[in-house]
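Accompanying notes for the structure given below.
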Amino acid sequence: MGKKTLTNAHCLLELVERVPASVLKLFAGLPECLGLQRGFDWTQPDEGLSAALIEHIKHLRKEQRDPAEREALRVLRLSTVRGAAILATVAEQLYDEDLLARFRAQEGGEVGRAVWMRTHSEASIKLFDTAESIVNTQDLKGLKRLHDAFDVPGEAPPFLWNDEVKDRLEAQLTEAMRLAEPCEVIHVAMEEPNRQGQTQATHYLVVRFAGDQVAAVEMRNRQRKSFFYFPARDATLIYAPHRGLVEVFAPTLGTRAPLANVLSRHGFKAPLSNRPLDRSRYDLSRFARPLKDTKPRIDGGRIERLYLTEAKALLGHATDAVTLHIDSGAELHEVIDERWGNHPFAQPGALLGVTLVAELVFEGETAATPLAIVLAEPGRCSLAGEKDQRLRRAGMQLLEALGVRKPLHPGCGRDDPSLIAQVARLLESASSPMDGFALHKLGIDIERLQDEGILIEGERIAELSVPVDEGEPMKVVLERCADADTVRYRDPLTGNDVVMPARLARRWKVQLDWLREELITALGSALKGPRSRHFDDEPVFLGEIDIDGHAVALYFASRMSHERAYAKVDAALRLRPRPVAGVVLTTTSTPLPFAGTNVVIPIEDVLADAGNGSAIDLDRLKVAYRHGQLAAMGGSTVTLKVAPDGHAATLYLPGKAPWRVTGKARIAVLQRLVEAWAAGTPHVNTKALMAGTGCTSPANLFTGKHSPWRDYLERVPGTRAWQLKLTPLDRVIVDDSDTRSAAIEAVTEDV
């Protein structure tokens, strides 16, 4: 046997080597660490326990070791300098001096204290999770998938925390997130140093609700490092008065702005900018005109001078471009106007990127502070990486005053039926990226979905295929117009210029997960169960809704008019039988009425009327469900659907994928078994079953190499008869390919 090596368990190995035996025994007591307990002698002397445990870990199977590895990673993240400081601050909410003393006196230093907090009690576990959420904010900051920041205009007010504020925030946050059950808000005030070395309070609000743990990956020293986050279980809000920012960490794009607004209205009662600082698009057409006499006003200072040091523009062609760089600080347009007439830098639609320099004089200062801002297509701005908050805020205000920065407003249309209708049509296409011409053909309002953050602007389309009456389509070059919002091409037949909106000549990245999120949000608090868990494979389980006192499963699937897509969804749902018929929401206008034992309902049929306060009308959804409920439950019965020509048929059995067979002899055998089942005597004598087929048993008839007939037919034990192979719904199916390992495990459990 080859030598055993320890792979993919670096955190577990580090934890075992760093802490004493007493801490290891606490850690191994976690339910996730059962693999460390079984088959290991924990009564041996403490001196050799670590070495023996490492050897034991080497022989664990991956599925036994991975849960312990994840827990070790969580513990080690709270034993870093920042993590330990956060955990110590959070631990003060134990409100028990004896417990605090025990926490501080734990063996193993920071790791030992983290393990104690993770294992001691339900209260300490909750505080461990809270500290973990705060630690994760540093790694997730700037990640648009999970984070948005909002500006607090003017002087930031103080934040006061008491029971009244807590109750008000919990009620309002529950409503904003559309939760079926109340959330819990935990407040932690951290004293953090600023750039000048002064300590200032930063307020963390961890909003806890039901959900599951998920994994994320970050890059450190050119290596991928995993960490774990609870996006569907908590949201974290940060208010930093000294920075004038409210930051929101949540997986649901459309709820971040409402969460920030709840904090501003009910926490410190001051208005926000209501626009994410990190989520914007940029219009460069303003830089086609001189900046010499432009002096926008900003808070906390003034602008002495604005000028461009570099600009890049197209030369009237789809690809060729020219870049101009000026080091002297002179006005770019003045310099180039003297040397080049009708130049591309004066055409708004030709600009691809600029470097803007602003000389700023802040209040209380006399010297000018230069700020260089690099802007480039599509939507890139160097201010996103500016570490000086004062310069970053001034730069954002400057770009907005110039009309260059156009913030997005995600979540504004979450109760708009017309937006959900467009979302449904877009999901039906199920591809990313998509070009603007395809989106226009689908009737998608590109500007509206871009403002929501669902569509992200990508590269320009340089060529377009134009159909002709005869022959293959002709390719034409798309050129920019002087108007930045339009493009044009020369018609090859007439020679005339054809002008069209510039947004059509773009490729757009489609946030498919956020499209599904719009559907979840549209269902509101009526949706129970998992929230914001998205999977690539359809049908997607959205949760459950209450209809007539029953918990009805709600799924989502697109393209249900395609035979293969429908068969895949139907097979998947038949393998998940439920005692009550479910609902499949689909983007298809005219789908088949049922999938498995579920009613298929087009989204467009249950959209609410405009101004109704919600996007999906739950009353219409329930009525459509009641109409198809009984017929859908027919999918839980045994049926054989024979094609009109009689040469093909499909057998449907509860809990199994549909089985399609061909040939009249095979169809006759299945028909006899189905009829016997319906008559209440499922056993069919072998001779009667195979009569007229020319075969003596099903094994001679179903001879295909990959035929699954044994999954659908079975011999009746002790008789010469056959019956359909049906699995009761209350029976648990266990699939363990390694039976020998399973037997060994069973023996270990008995011992």
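The values are calculated or read from the model by the stated rules, or taken from the named source; none is laboratory data. Treat the numbers as computed from the prediction; the structure is a model and nothing was measured. Virtual Cβ from ideal backbone geometry, glycine too; neighbours counted across all protein chains shown. Quick note on the areas: whole protein, heavy atoms, side chains included, nothing else; ligands and nucleic acids left out. Shrake-Rupley method; radii C 1.70, N 1.55, O 1.52, S 1.80 Å.
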*Report the residue count in region 337-348 for those that are touching a strand residue (DSSP E or B) at 6+ places or on another chain (Cβ under 8 Å) and open to solvent by 20 Å² or more (accessible area, probe 1.4 Å).*
1
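Please pick out the residue among 88, 156 that is open to solvent by 10 Å² or more (accessible area, probe 1.4 Å) and either modelled with pLDDT of 90 or more or among the aromatic types (Phe, Trp, Tyr) (or both). Steps first, answer last, please.
Details: 156 fails: either modelled with pLDDT of 90 or more or among the aromatic types (Phe, Trp, Tyr) (or both).
Exactly one of 88, 156 is open to solvent by 10 Å² or more (accessible area, probe 1.4 Å) and either modelled with pLDDT of 90 or more or among the aromatic types (Phe, Trp, Tyr) (or both), namely 88.
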*Which of the residues belonging to region 583-599 are part of a loop (DSSP other than H, G, I, E, B) and either in contact with a Pro (Cβ under 8 Å, 6 or more places away or on another chain) or crowded, with 22+ Cβ neighbours inside 10 Å (or both)?*
587, 588, 589, 590, 591, 596, 597
*So, of the residues in region 447-456 that are out of contact with any strand residue (DSSP E or B) (no Cβ under 6 Å at 6 or more places or on another chain) and outside any loop (DSSP other than H, G, I, E, B), which turns out to be most open to solvent (accessible area, probe 1.4 Å)?*
447
*Have a look at 359, 334, 365 and point out the one that is among the acidic types (Asp, Glu), surrounded by fewer than 18 Cβ atoms within 10 Å (Cβ to Cβ) and either in a loop (DSSP other than H, G, I, E, B) or in contact with a helix residue (DSSP H, G or I) (Cβ under 6 Å, 6 or more places away or on another chain) (or both).*
365
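Has region 357-371 got at least one residue that is of a type in the set (D, E, K, R) and modelled with pLDDT under 85? Walk me through it before giving the result.
Here is the first cut: in region 357-371, the ones of a type in the set (D, E, K, R) are 359, 363, 365.
In the following step, the residues that additionally are modelled with pLDDT under 85 were identified as none.
Among the residues of region 357-371, not one is of a type in the set (D, E, K, R) and modelled with pLDDT under 85, which makes the answer no.
Would you call residue 297 surrounded by fewer than 14 Cβ atoms within 10 Å (Cβ to Cβ) and within 41 Å of the chain's Cα centre (by Cα)?
Values: surrounded by fewer than 14 Cβ atoms within 10 Å (Cβ to Cβ): yes; within 41 Å of the chain's Cα centre (by Cα): yes.
It is true that residue 297 is surrounded by fewer than 14 Cβ atoms within 10 Å (Cβ to Cβ) and within 41 Å of the chain's Cα centre (by Cα).
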_Qualifying residue in region 396-405 (condition: free of Cβ contacts under 8 Å to residues at least 60 places away in the same chain, assigned to a helix (DSSP H, G or I), among the small types (Gly, Ala, Ser) and surrounded by fewer than 20 Cβ atoms within 10 Å (Cβ to Cβ))_ = no
*Check region 141-158 and report whether any residue there is in contact (Cβ under 8 Å) with a residue 40 or more places away in the chain, closer than 29 Å to residue 92 by Cα and assigned to a helix (DSSP H, G or I).*
no
*asked:* Can you report the number of residues in region 515-573 which are at pLDDT below 75, touching a strand residue (DSSP E or B) at 6+ places or on another chain (Cβ under 9 Å) and not basic (Lys, Arg)?
replied: 11
*From the list 215, 257, 232, which residue is modelled with pLDDT under 65 and either of a type outside the set (Gly, Ala, Ser) or not in a loop (DSSP other than H, G, I, E, B) (or both)?*
215
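Conditions (1) under 24 Å from residue 574 (Cβ atoms); (2) open to solvent by 60 Å² or more (accessible area, probe 1.4 Å); (3) touching a Pro at 6+ places or on another chain (Cβ under 9 Å), marked per residue:
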site: 639; (1), (2), (3): yes, no, no
site: 650; (1), (2), (3): yes, no, yes
site: 670; (1), (2), (3): yes, no, no
site: 675; (1), (2), (3): yes, yes, no
site: 689; (1), (2), (3): no, no, yes
site: 706; (1), (2), (3): yes, yes, no
site: 711; (1), (2), (3): yes, yes, no
site: 716; (1), (2), (3): no, no, yes
site: 720; (1), (2), (3): no, yes, no
_Residue count, region 543-557 (criterion: farther than 16 Å from residue 585 by Cβ and either in contact (Cβ under 8 Å) with a residue 40 or more places away in the chain or buried (at least 22 other Cβ atoms within 10 Å of the Cβ) (or both))_ = 1
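Residue 268 - would you say it is among the aromatic types (Phe, Trp, Tyr), crowded, with 17+ Cβ neighbours inside 10 Å and within 31 Å of the chain's Cα centre (by Cα)?
On the way: among the aromatic types (Phe, Trp, Tyr): yes; crowded, with 17+ Cβ neighbours inside 10 Å: yes; within 31 Å of the chain's Cα centre (by Cα): yes.
So residue 268 passes the test.
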*Go through 38, 82 for me and flag whichever is over 23 Å from residue 190 (Cβ atoms) and modelled with pLDDT under 90.*
38
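Does region 92-107 include one or more residues that are of a type in the set (A, V, I, L, M) and under 26 Å from residue 386 (Cα atoms)?
At the first step, the residues of region 92-107 found to be of a type in the set (A, V, I, L, M) are 94, 99-101, 105.
So of that shortlist, the ones also under 26 Å from residue 386 (Cα atoms) come out as none.
Looking for residues that are of a type in the set (A, V, I, L, M) and under 26 Å from residue 386 (Cα atoms), one finds none in region 92-107, hence no.
Consider residue 252 carefully, then state whether it is over 30 Å from residue 350 (Cα atoms), at pLDDT below 85 and of a type in the set (Val, Ile, Thr). Full working, then the answer.
Numbers: over 30 Å from residue 350 (Cα atoms): yes; at pLDDT below 85: yes; of a type in the set (Val, Ile, Thr): yes.
Spelling it out, residue 252 is indeed over 30 Å from residue 350 (Cα atoms), at pLDDT below 85 and of a type in the set (Val, Ile, Thr).
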*Would you confirm whether any residue within region 34-57 is surrounded by 17 or more Cβ atoms within 10 Å (Cβ to Cβ) and touching a residue at least 40 places away in the same chain (Cβ under 8 Å)?*
yes
*Could you give every pair whose Cβ atoms fall below 8 Å, whose first residue belongs to region 71-83 and is over 11 Å from residue 110 (Cα atoms), and whose second residue is outside any helix (DSSP H, G or I) and open to solvent by 20 Å² or more (accessible area, probe 1.4 Å), counting only separations of at least 6 or pairs across chains?*
73/226; 73/228; 74/228
_Residue satisfying all of: in region 461-497; in contact with a Leu (Cβ under 8 Å, 6 or more places away or on another chain) and of a type in the set (D, E, K, R); least open to solvent (accessible area, probe 1.4 Å) among these_ = 480
*For residues in region 600-622 being outside any helix (DSSP H, G or I) and closer than 26 Å to residue 565 by Cα, which is modelled with the lowest pLDDT?*
616
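Filtering region 308-320 down to residues that are of a type in the set (Gly, Ala, Ser) and modelled with pLDDT under 85, which residue is least open to solvent (accessible area, probe 1.4 Å)? If you could, list the steps in order and put the result at the bottom.
So the first thing to find is which residues in region 308-320 are of a type in the set (Gly, Ala, Ser), and the list is 311, 313, 316, 318.
Narrowing the set further to residues that are modelled with pLDDT under 85 leaves 316, 318.
Values: 316: 54, 318: 30 Å².
Once the filter is applied, the top-ranked residue is 318.
Scan region 563-574 and give yes if some residue there is assigned to a loop (DSSP other than H, G, I, E, B) and open to solvent by 30 Å² or more (accessible area, probe 1.4 Å), otherwise no.
Scanning region 563-574 turns up no residue that is assigned to a loop (DSSP other than H, G, I, E, B) and open to solvent by 30 Å² or more (accessible area, probe 1.4 Å).
Pick from 281, 305: which is surrounded by 15 or more Cβ atoms within 10 Å (Cβ to Cβ), of a type outside the set (A, V, I, L, M, F, W, C), touching a Leu at 6+ places or on another chain (Cβ under 8 Å) and outside any helix (DSSP H, G or I)?
On the way: 305 fails: touching a Leu at 6+ places or on another chain (Cβ under 8 Å).
The match here is 281.
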